[in-house]
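Visitor: Before anything else, here's the structure in question.
The values are calculated or read from the model by the stated rules, or taken from the named source; none is laboratory data. As the structure is a prediction and not an experimental result, all values here were calculated from the model. Note: ideal-geometry Cβ built from the backbone for every residue, glycine included; neighbour counts use all protein chains shown. SASA here: full protein model, heavy atoms, side chains in, ligands and nucleic acids out. Shrake-Rupley method; radii C 1.70, N 1.55, O 1.52, S 1.80 Å.
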Amino acid sequence: MATDPYAWIEQSLATIHRAGWYRSVQTIENRPGATVLLEGREVINFAGNDYLGLAGDPRLIQAAINATQEYGTGSTGSRLITGHRELHRQLESAIAELKQTEDALVFSSGYLANLGAITALVGKRDLILGDQYNHSSLKNGAILSGATVLEYRHNDIEDLKNQLNQHRQLHRRCLILTDSVFSMDGDICQLPQLLEVAEAFSSMLLVDEAHGTGVFGTRGAGCVEHFGCTGRSLIQMGTLSKALGSLGGYIAGSAALIDFLRNRAPSWIYTTGLSPADTAAALAAIAIVQQEPERRSRLWQNVADLQQLLKAVGIVPLFQESPIVCVPVKDAQEALSTGKYLKERGIFAGTIRPPTVPTSRIRITLMATHEPIHIQQLVAALTC
Ligand code: PMP
């Protein structure tokens, strides 16, 4: 007798539940901000990636409304067919100007930017070396490319060099992949050393600035600026959905690289262009990143204040290098119970568990718009 070919799905879900790995969504009922209405209750928001507090900014909202009125809701097709608007080029010029690169290319999400760039740049004859804690979009882009994929130990330059020594000459091209700010740990990559290694081994380097853009660097250009590596040969990726408060992703780099991606990146060629609203909102955000450095100062002041308060109560986060502050917990069950407890005390923070990360943690993200009282309440809740 034929068995139900879908029965395994429910069994699999039961296993996920048993492990404490089950995930579900929580509804936010108003605009994003330092506080949000979560399922009917106002909570202090430490769970987003809206570092500069721009996702609910009236100027971004107005830019999105204006663009929608002028260009409609959808881009209607691939940029190469019907989906291209002047706004897209304006945004790409603004990104290139922020990053000090020759050009940039906007994708419909950061995930698609990584998939598209990696699959265009390397193939079967090539080698990819990625940090073991890289974001899923880098890891899946690597698999999709068909290249030989190796991982080096997290932030371990010696391990990277050893693996390159062993494998580099067996392959045509080599691409090194790294997050600039590791999204689930909050530490940052060693960019100058990575660039040195990339150059020594004739390898390309793609750095994912999803959590760096708008946050690091005097001008908010990211970790590349922070480390004084502006102008160096490398591929800079980023998203419009975190500090820039919108949706979409991009690659910034040389004019030749961008021209090549327009011709070879499948997740750019065969997908609908970014919506006019998202494009205009991101453009408005980049202007604010440049015109209001005080937002970045407030964000970093909040990072310093949280570090000091945590130290005073003896809580030791995984790292203290960015606005992403992760407090380790024993296991997935403890992550869930801590998250629930914090929510009852009016604090909304991320509960991050395997398989996203090897060990469970509470992920706290700071915003420029958090007030000192928000941070004090967070620490008070964490100490109870
Ligand atoms: N890279 C990193 C490091 C990320 O954290 C994310 C988002 N979680 C992405 C890429 C994907 O960006 P997007 O959300 O725009 O698809």
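Visitor: If the requirement is being within 22 Å of VAL36 (Cβ to Cβ) and buried (at least 23 other Cβ atoms within 10 Å of the Cβ), which of these qualifies: PRO372, PRO323?
Guide: Sole residue among the options that is within 22 Å of VAL36 (Cβ to Cβ) and buried (at least 23 other Cβ atoms within 10 Å of the Cβ): PRO323.
Visitor: Being in contact with an Asp or Glu (Cβ under 7 Å, 6 or more places away or on another chain) and not aliphatic (A, V, I, L, M), is that true of even one residue in region 303-321?
Guide: Yes, that holds for at least one residue.
Visitor: While we're looking at this one, here's another question. Looking only at region 43-61, how many residues end up being crowded, with 17+ Cβ neighbours inside 10 Å and more than 23 Å from the chain's Cα centre (by Cα)?
Guide: Going through region 43-61 one residue at a time, the tally reaches 1.
Visitor: Being among the hydrophobic types (A, V, I, L, M, F, W, C), surrounded by fewer than 24 Cβ atoms within 10 Å (Cβ to Cβ) and either on the phi > 0 side of the Ramachandran plot or in contact with a strand residue (DSSP E or B) (Cβ under 8 Å, 6 or more places away or on another chain) (or both) is the filter here, so list the residues in region 214-247 that pass it.
Guide: Residues satisfying the conditions are LEU234, ILE235.
Visitor: All but one of (1) away from the ligand (no atom under 12 Å from the Cβ); (2) at negative phi hold for SER202; state the number of the condition that does not hold.
Guide: (2)
Visitor: Closer than 30 Å to HIS374 by Cα and either under 21 Å from the mean Cα position of the chain (by Cα) or modelled with pLDDT under 95 (or both): does that describe LEU105?
Guide: Spelling it out, it is not the case that LEU105 is closer than 30 Å to HIS374 by Cα and either under 21 Å from the mean Cα position of the chain (by Cα) or modelled with pLDDT under 95 (or both).
Visitor: Still on this structure, I have one more. Out of the residues in region 17-42 that are hydrophobic (A, V, I, L, M, F, W, C) and surrounded by 13 or more Cβ atoms within 10 Å (Cβ to Cβ), state the one that is nearest to ARG353 (Cα to Cα).
Guide: The selected residue is TRP21.
Visitor: Consider ALA120 carefully, then state whether it is in the same structural domain as HIS211 (by TED's automatic domain parsing), within 22 Å of ARG295 (Cβ to Cβ), small (Gly, Ala, Ser) and in contact with a Pro (Cβ under 9 Å, 6 or more places away or on another chain).
Guide: no
Visitor: Oh, and also: Among the listed residues GLU102, GLU86, GLU97, identify the single one that is assigned by TED's automatic domain parsing to the domain that holds ALA252, in contact with a strand residue (DSSP E or B) (Cβ under 8 Å, 6 or more places away or on another chain), of a type in the set (Asp, Glu) and open to solvent by 50 Å² or more (accessible area, probe 1.4 Å).
Guide: GLU102
Visitor: Quick one: how many residues across region 348-384 are in contact with a helix residue (DSSP H, G or I) (Cβ under 6 Å, 6 or more places away or on another chain) and under 24 Å from GLY214 (Cβ atoms)?
Guide: Of the residues in region 348-384, 6 are in contact with a helix residue (DSSP H, G or I) (Cβ under 6 Å, 6 or more places away or on another chain) and under 24 Å from GLY214 (Cβ atoms).
Visitor: Ok, one more. Within region 171-196, work out how many residues are open to solvent by less than 10 Å² (accessible area, probe 1.4 Å) and more than 15 Å from the ligand (Cβ to nearest atom).
Guide: 5
Visitor: Examine region 282-297 for a residue that is open to solvent by less than 10 Å² (accessible area, probe 1.4 Å), small (Gly, Ala, Ser) and touching a residue at least 12 places away in the same chain (Cβ under 8 Å), and state whether such a residue exists.
Guide: yes
Visitor: Let me ask you something else. Identify all residues within region 124-163 that are within 16 Å of the ligand (Cβ to nearest atom), assigned to a strand (DSSP E or B) and either surrounded by fewer than 23 Cβ atoms within 10 Å (Cβ to Cβ) or in the same structural domain as LEU318 (by TED's automatic domain parsing) (or both); write none if there are none.
Guide: Of everything in region 124-163, just one residue is within 16 Å of the ligand (Cβ to nearest atom), assigned to a strand (DSSP E or B) and either surrounded by fewer than 23 Cβ atoms within 10 Å (Cβ to Cβ) or in the same structural domain as LEU318 (by TED's automatic domain parsing) (or both), namely GLU151.
Visitor: Does HIS211 satisfy the criteria of being open to solvent by 10 Å² or more (accessible area, probe 1.4 Å), more than 30 Å from HIS171 (Cα to Cα) and more than 13 Å from the ligand (Cβ to nearest atom)?
Guide: When the stated conditions are applied, HIS211 does not pass them.
Visitor: Determine which member of the set GLY20, GLY74 is modelled with pLDDT of 95 or more and more than 27 Å from THR369 (Cβ to Cβ).
Guide: So the residue among GLY20, GLY74 that is modelled with pLDDT of 95 or more and more than 27 Å from THR369 (Cβ to Cβ) is GLY74.
Okay, residues lined up against (1) at pLDDT below 95; (2) in the same structural domain as THR119 (by TED's automatic domain parsing); (3) open to solvent by less than 40 Å² (accessible area, probe 1.4 Å):
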{"residue": "SER267", "(1), (2), (3)": "no, yes, yes"}
{"residue": "TYR270", "(1), (2), (3)": "no, yes, no"}
{"residue": "LEU274", "(1), (2), (3)": "no, yes, yes"}
{"residue": "LEU306", "(1), (2), (3)": "no, no, yes"}
{"residue": "LYS311", "(1), (2), (3)": "no, no, no"}
{"residue": "PRO317", "(1), (2), (3)": "no, no, yes"}
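Visitor: Of the residues GLY253, GLY314, GLY249, which single one is of a type in the set (Gly, Ala, Ser) and touching a Gly at 6+ places or on another chain (Cβ under 9 Å)?
Guide: Being of a type in the set (Gly, Ala, Ser) and touching a Gly at 6+ places or on another chain (Cβ under 9 Å) holds for just one of GLY253, GLY314, GLY249, which is GLY249.
Visitor: Now for a separate question. Scan GLY253, GLY245, GLY249 and give me the residue that is at pLDDT 95 or above and farther than 22 Å from GLY130 by Cα.
Guide: GLY245
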